[in-house]
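In what follows, a single structure is set out as structure tokens and then discussed.
The values are calculated or read from the model by the stated rules, or taken from the named source; none is laboratory data. Predicted, not measured: the structure shown is a model, and the values here were computed from it. No Cβ is skipped: glycine too gets one built from the backbone with ideal geometry, and neighbour counts run over all protein chains shown. The accessibility values were calculated without ligands, DNA or RNA, using every heavy atom of the protein model including side chains. Shrake-Rupley method; radii C 1.70, N 1.55, O 1.52, S 1.80 Å.
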Amino acid sequence: MLLSLSALASVLLGTASAFEYYTFDGPGSPSCHNVVEVHNATSVDEMVDLVKDASSRGLQVRAGGRGHMWYDTQCSDDKTVIIRTEFVNGISDFDLDGGSVVVEGGVTFFQLAEYLHERGANIGTGLVNWNITLGGSIAMGAHRTSLREDAVVVGGVLALDIIDGNGDIRHIERDESNDDWLAASTSLGLLGIIARIKMQIFPETKVYAMQTTLEENDVLNGDIYKLISPYLTANFWWWPSQHKFHWRTYDIVPTNTSSQQGFQSTFSVTALEAGAAVVLLNSGKISSIPNLAAEAIFFGLWEKPNFHDKVTDEAITEWPVYGWNYDVLIGGLYPGQKPEWEYGLKGYTLELAFPVTRANEVLKRIRALFDAEAAKWMPMAATYRSGINIKFGKAHFDLLGQVTTGTADKQDWSKGAIMFDFPSFRPSLGDQKRYNEAFYINLANTLVDEFPCRPHWTKNTRDVFKRSVKNLDPSYLARFKAVRQKFDPKGIYRSVVGEIIGMYD
Ligand SMILES: Cc1cc2nc3c(=O)[nH]c(=O)nc-3n(C[C@H](O)[C@H](O)[C@H](O)COP(=O)(O)OP(=O)(O)OC[C@H]3O[C@@H](n4cnc5c(N)ncnc54)[C@H](O)[C@@H]3O)c2cc1C
Ligand SMILES: *[C@@H]1O[C@H](CO)[C@@H](O)[C@H](O)[C@H]1NC(C)=O
Ligand SMILES: *[C@@H]1O[C@H](CO)[C@@H](O)[C@H](O)[C@H]1NC(C)=O
Ligand SMILES: *[C@@H]1O[C@H](CO)[C@@H](O)[C@H](O)[C@H]1NC(C)=O
């Protein structure tokens, strides 16, 4: 309402009164600081017209998906027009025998999953959280967690249509020998708006989900590659003050293995649970004790399957859980519940990727930093419902991807990457800083300085991006920049991320 009124006012008055645009966390969590118009486009043609119009008025343009990003890094700080893709969500050209489907940029994972399931198909492993657009996730290099199969969403992309800076649609086919493709594969939205995507599809399958609790030492000193790589998808959740990991694995099973229809939810909470968590975690702004208590509670809850029966909505209490591909790998919201952030459980995060060959070293370094904090009587705890998410990504070659290979750092990225994804509770009180705020900053700086590591493109602050540039391959950046200049000579799709990595110098 506020957005549309301001947008209307600026149109009527011919002035550009700028306002903030928010992430999924809402007011107080800006993704852009200087937005002058927000348009709900309803077709690809309309997006083309909006781009041409904004460009002719000297304004910046950024696409807007579902706002599932964490910091103020969507736009540049100059006057920007947001073109929302929510209503540009057609699905066409379904061809299970040929193995592909075409979606418009605003299609979300749950829309596509439902469409495909009804037709006996799925998109394999290239999926992230349910309420995220394919365009937004492909632009930003989003990924699931797998060392065996493609983890990046773009791993399942066969072709892209991008609206470039002149408002022309460019069709780019997957082709690793073409720099246009290697740039479009993780484009950060700097080449233009991803308007259409041709995705690979597969016959529908059932999968199981299994979870085991591991002692921390068994992971820190264990063969991490061997714990993860055999599975369709697998990850750890780390509970640092419990000194434990949850080890989650998934794989395909014959359809007749079980008639169970498990449905996962990572983010559903009831109003009662959320209210209690907000009070506890807010009191953790000034003391470790509530944070340690919260981690113990969250750990206990996370021991049990975060799955309901899709038909009856009853909680499933035993591992393994079985169900259809998307329902088990992602799922969504339980009926009558809301995602935690809609109850004021807001977050900060940090996500960095390291070569999986160095996984033990990285986790041990983080453990040493946790221990140093405890020695200061300020013990660390995971203040997020699902702990610290340790994910993995199979190598995928492109210019700006988190899991690319062959970089100048001479590290072996070919076996894939381990991602340290560290969400934490954002207090709603005072300055909204965390109890161990200095620790979080020091942790990020230490990892970026001591290891070859690459930032997730929507889960880090401007400061982390600035510090991370030294770890990126200068020749890959130069090749990306050349494609950027070709697609968007005037730089209308600029973002602070693009500025920080030198795409406009
Ligand atoms: C609860 C939650 C869970 C998540 N889980 C994962 C996960 O498992 N793995 C992972 O990698 N990431 C994850 N993410 C991050 C998420 O995948 C990315 O931030 C993604 O870019 C969000 O897409 P969106 O559609 O919400 O786009 P927005 O948040 O609206 O936009 C994100 C960026 O993409 C640009 N953009 C959006 N649409 C387009 C388009 N069509 N063309 C060009 N540029 C575009 C925007 O300008 C902006 O810079 C998660 C985020 C949340 C909040
Ligand atoms: C665009 O759509 C969103 C979501 O449906 C709605 O909340 C918003 O008011 C609309 N904005 C405009 C400018 O029409
Ligand atoms: C999906 O995200 C949009 C935009 O943030 C939000 O308005 C909508 O309520 C979300 N839907 C669900 C099911 O969470
Ligand atoms: C599932 O189907 C296969 C092939 O038809 C059969 O061999 C197997 O015994 C069945 N398994 C169960 C558990 O029914």
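Just the ratio, please: alpha-carbon radius of gyration of region 91-203 over 2.2 N^0.38 Å, N its number of residues.
Region 91-203 yields a ratio of 0.99.
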Please list the helices of the chain that count as membrane-span-like by this rule: a mean Kyte-Doolittle hydropathy of at least -1.0 together with Cα atoms stretching 15 Å or more along the helix axis, each helix being a complete DSSP H run.
2-13, 44-56, 271-283, 288-303, 359-375, 437-450, 474-487
Per residue of region 229-239, what does 6.51 cos²θ - 1.76 cosθ + 1.60 with θ = phi - 60° give for ³J(HN,Hα)? Whole Hz please, x for Gly and Pro, Karplus curve as stated.
5, x, 9, 4, 7, 7, 7, 10, 10, 9, 10
Rank these residues by their accessible area, most exposed first, probe 1.4 Å: E37, E86, E118, E450.
E118, E450, E86, E37
Check H143: other-chain or 5+ apart residues with amide H under 5 Å from its amide H, H built from backbone geometry?
V153
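If you add up the charges near K410, with Lys and Arg at +1 and Asp and Glu at -1, over every other residue whose beta carbon is less than 13 angstrom from its beta carbon, what do you get?
For residues surrounding K410, the net value is -2.
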With unit charges on the beta carbon (Lys/Arg positive, Asp/Glu negative), name the residue among I441, L232, H246 whose Cα is farthest towards the positive pole of the charge dipole of the chain.
I441
Spatial separation of Cα centroids for region 118-142 and region 59-103, in angstrom:
12 Å
May I ask you to evaluate 6.51 cos²θ - 1.76 cosθ + 1.60, the Karplus curve with θ = phi - 60°, for each residue of region 90-101 and list the ³J(HN,Hα) values in order in whole Hz, giving x for glycine and proline?
x, 10, 8, 6, 5, 8, 5, 5, x, x, 8, 8
Radius of gyration and Dmax for region 356-436's Cα atoms, expressed in Å?
16.3, 46
Please work through the chain and write down the cysteines that have no neighbouring cysteine Cβ at a distance under 4.7 Å.
C453
Give the carbon-plus-sulfur fraction of the accessible surface of region 206-470 in %, rounded to a whole number; probe 1.4 Å, heavy atoms of protein chains only.
56 percent
List the residues, sorted by chain then number, that are 5 or more residues from R196 or on another chain and whose placed amide H is less than 5 Å from its amide H.
G105, D161
Dipole size in debye (nearest 20) for the chain around its Cα centre, Lys and Arg Cβ +1, Asp and Glu Cβ -1?
1060 debye
If you average the C-alpha positions of region 242-273 and of region 158-187 separately, how far apart do those two centres end up, in angstrom?
36 Å
Protein accessible area in region 5-85, 1.4 Å probe - carbon and sulfur %
54 percent
Note the full-extension length gain between Y504 and W377 as 0.36 nm times their separation in residues minus their Cα-Cα distance, in nm to one decimal.
41.2 nm
I'd like the antiparallel share, as a percent to the nearest 5, of DSSP beta bridges with both residues in the chain.
85 percent
Looking at region 5-85, what % of its DSSP beta bridges pair antiparallel, to the nearest 5?
25 percent
At 20 °C in a medium of viscosity 1.002 mPa s, region 281-333 has a Stokes-Einstein diffusion coefficient, with Rh taken as the Kirkwood radius over alpha carbon pairs, in µm² per second, of 163 µm²/s
Evaluate region 59-138: find the radius of gyration of its Cα atoms, find its Kirkwood radius, and give the ratio Rg to Rh.
1.05
Please give the net charge around I228, taking every other residue with its beta carbon less than 13 angstrom from that of I228, where Lys and Arg add +1 and Asp and Glu add -1.
+4
Electrostatic dipole magnitude of region 300-417 [Cβ: Lys, Arg +1; Asp, Glu -1; Cα centre; debye, to 20]
480 debye
Computed over the Cα atoms, what is the radius of gyration of the chain divided by 2.2 N^0.38 Å, N being its residue count?
0.94
Could you pull the accessible area for S386 with a 1.4 Å probe, rounded to 10 Å²?
10 Å²
May I ask for the net charge around H308, where only other residues with Cβ less than 14 Å from the Cβ of H308 are counted and Lys, Arg are +1 while Asp, Glu are -1?
-3
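Accessible area per residue, 1.4 Å probe, Å², for the chain: what's the number?
38 Å²
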As a test of the formula, what do you get for the chain when each DSSP H run with n ≥ 4 contributes -39,500 (n - 2.57) and the sum is divided by the residue count, at 222 nm and rounded to the nearest 500 deg cm²/dmol?
-8500 deg cm²/dmol
